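Visitor: Let me begin by handing over the structure; questions about it come next.
The values are calculated or read from the model by the stated rules, or taken from the named source; none is laboratory data. All of these numbers come straight from a predicted model, not from anything done at the bench. Here the Cβ positions follow ideal geometry from the backbone for every residue, glycine too, while neighbour counts run over all protein chains shown. Only protein heavy atoms, including side chains, enter the accessible area calculation; ligands, DNA and RNA are left aside. Shrake-Rupley method; radii C 1.70, N 1.55, O 1.52, S 1.80 Å.
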Amino acid sequence: MVISNLQKRSLKGLLLNLFIDFKKVIMIGLAITSSIAVVNFILFIEKFFPSAYETINVRNSGLVLDIGFITAIITFCITIGISTSKNEFQSKFVFPLTRQIYAVGNFIYVVVGSYLFMVMVCGLELIETIIYMALDRFSDDFYFINTMTPSSYIIGFILSTSILIFIVSLVYIVTMYIRKYLFPSIITLAVLFGLFLTSEWFQKLLMDGFNGLWRMAFIQQLGVFWGLTILFHLIAYIPFRNMEVAS
C-alpha cells in the first residue's frame, strides 16, 4: 500500500493520540505491579529474621516478571477492548484518517505498546534483583538464586512480548466482532465455552494444541504467534470495513 504524505501525517497523529492515552495505561500497570511487588517484599521481610527453629530464607528470581506480565495482559486487554467502542472510534477517527491507515496504526500500537509494557516489567525485575542480591550479599540468613541467564532472559523477553501481542490482538478481534455482530458473536462464544466445559474431545483438542505449541522450537513458536497475530488483525478489518466510525 502506497502511503501519501497526508496519510503519513494522519498515521503519526493517530499514533500520537493513542500513545498519549497509553501513558495512563502503562502508569496504571506500573502502579499495580509495583504495589504487589512491594507488599510481597514486606511480607517476605517479616519472615526474613529467622528464629532458632526456622530455616534460612531463599528467594528465586522472576517474581516481578510473572506479576508484571499478568498485569500487562489484563490492563492492555481491557484498554484494547474499550478502544473498539463507538465513542472511542469517533474520538480518534478524523479526516483525513482512512480505515486502512487506522488498521495499520492500531497494529503498530499493539506491537509497540506490548514492547513498552515488557520493558517496564523488565525494569522492575532489575530493581527487584538488585535488592535481593544486596540482601544475599549482606546477610547470612538469606540466599538469592538467580535462575536467569542473558540468553534465557532475551529469549523470554521476545517470547513474552510476542505472547502479549498475540493475546491483545485476540481480544481486539473478538471485541471488534462483538461490536459489529453482537448476537452471532455472543452465540459463537457461548457455544465454544459450552464445548470447553462439556466436551472431552474439544478439551483434548485444545490441550493437544497447547502442548504441541510449547514443544516447538523457539523460532517455530514465534512463527505461530506472529502468524496468528497478523491474521487476527486482517480478519478484524472485515467488520471494521463497514463499521460506523464518525458521527
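Visitor: Would you mention how many residues in the stretch 213-229 are free of Cβ contacts under 8 Å to residues at least 40 places away in the same chain and either open to solvent by 80 Å² or more (accessible area, probe 1.4 Å) or under 28 Å from Arg99 (Cα atoms) (or both)? Even if it seems obvious, please write down each step before you answer.
Guide: Within the stretch 213-229, the subset free of Cβ contacts under 8 Å to residues at least 40 places away in the same chain is 213-217, 219-220, 223-224, 227.
So of that shortlist, the ones also either open to solvent by 80 Å² or more (accessible area, probe 1.4 Å) or under 28 Å from Arg99 (Cα atoms) (or both) come out as 214-215, 219-220, 223-224, 227.
Within the stretch 213-229, residues that are free of Cβ contacts under 8 Å to residues at least 40 places away in the same chain and either open to solvent by 80 Å² or more (accessible area, probe 1.4 Å) or under 28 Å from Arg99 (Cα atoms) (or both) number 7.
Visitor: Within the stretch 157-179, how many residues are under 18 Å from Ile67 (Cα atoms) and open to solvent by 30 Å² or more (accessible area, probe 1.4 Å)?
Guide: Going residue by residue through the stretch 157-179, those that are under 18 Å from Ile67 (Cα atoms) are 157-165, 167-168.
When the remaining residues are screened for being open to solvent by 30 Å² or more (accessible area, probe 1.4 Å), the result is 157-158, 160, 167.
Total satisfying the criteria: 4.
Visitor: Of all residues being open to solvent by less than 60 Å² (accessible area, probe 1.4 Å) and among the small types (Gly, Ala, Ser) in the stretch 230-247, which is farthest from Phe89 (Cα to Cα)? Just the residue, please.
Guide: Ala236
Visitor: Could you tell me which residue of the stretch 62-81 is nearest to the chain's Cα centre (by Cα), considering only residues that are farther than 15 Å from Gly29 by Cβ and part of a helix (DSSP H, G or I)? Let's see the steps before the verdict.
Guide: Filtering the stretch 62-81 down to residues farther than 15 Å from Gly29 by Cβ leaves 62-63, 81.
Narrowing further to those that are part of a helix (DSSP H, G or I): 63, 81.
Values: Leu63: 17, Gly81: 13 Å.
Filtering first and then ranking leaves Gly81.
Visitor: May I ask you to list pairs of residues, at least six apart or on different chains, whose Cβ atoms are under 7 Å apart, with the first in the stretch 140-161 being within 19 Å of Met120 (Cα to Cα) and part of a loop (DSSP other than H, G, I, E, B) and the second being at pLDDT below 75 and open to solvent by less than 50 Å² (accessible area, probe 1.4 Å)?
Guide: Here the result reads Met148/Ser61; Met148/Gly62, each pair linking the stretch 140-161 to a residue that is at pLDDT below 75 and open to solvent by less than 50 Å² (accessible area, probe 1.4 Å).
Visitor: In this structure, does Val171 turn out to be under 24 Å from Gly223 (Cβ atoms) and modelled with pLDDT of 85 or more?
Guide: When the stated conditions are applied, Val171 passes them.
Visitor: With Phe89, Phe49, Phe93, Phe41 as the choices, which residue is surrounded by fewer than 16 Cβ atoms within 10 Å (Cβ to Cβ), aromatic (Phe, Trp, Tyr) and modelled with pLDDT under 85?
Guide: Working: Phe89 fails: surrounded by fewer than 16 Cβ atoms within 10 Å (Cβ to Cβ); Phe93 fails: surrounded by fewer than 16 Cβ atoms within 10 Å (Cβ to Cβ); Phe41 fails: surrounded by fewer than 16 Cβ atoms within 10 Å (Cβ to Cβ).
After ruling out the rest, the residue left standing is Phe49.
Visitor: Also: Regarding the stretch 186-202, can at least one residue be identified that is modelled with pLDDT under 85 and open to solvent by less than 60 Å² (accessible area, probe 1.4 Å)?
Guide: yes
Visitor: Also, I was wondering about something else. For the stretch 167-181, state whether one or more residues are of a type in the set (Phe, Trp, Tyr) and outside any helix (DSSP H, G or I).
Guide: The answer is yes, given that some residue of the stretch 167-181 is of a type in the set (Phe, Trp, Tyr) and outside any helix (DSSP H, G or I).
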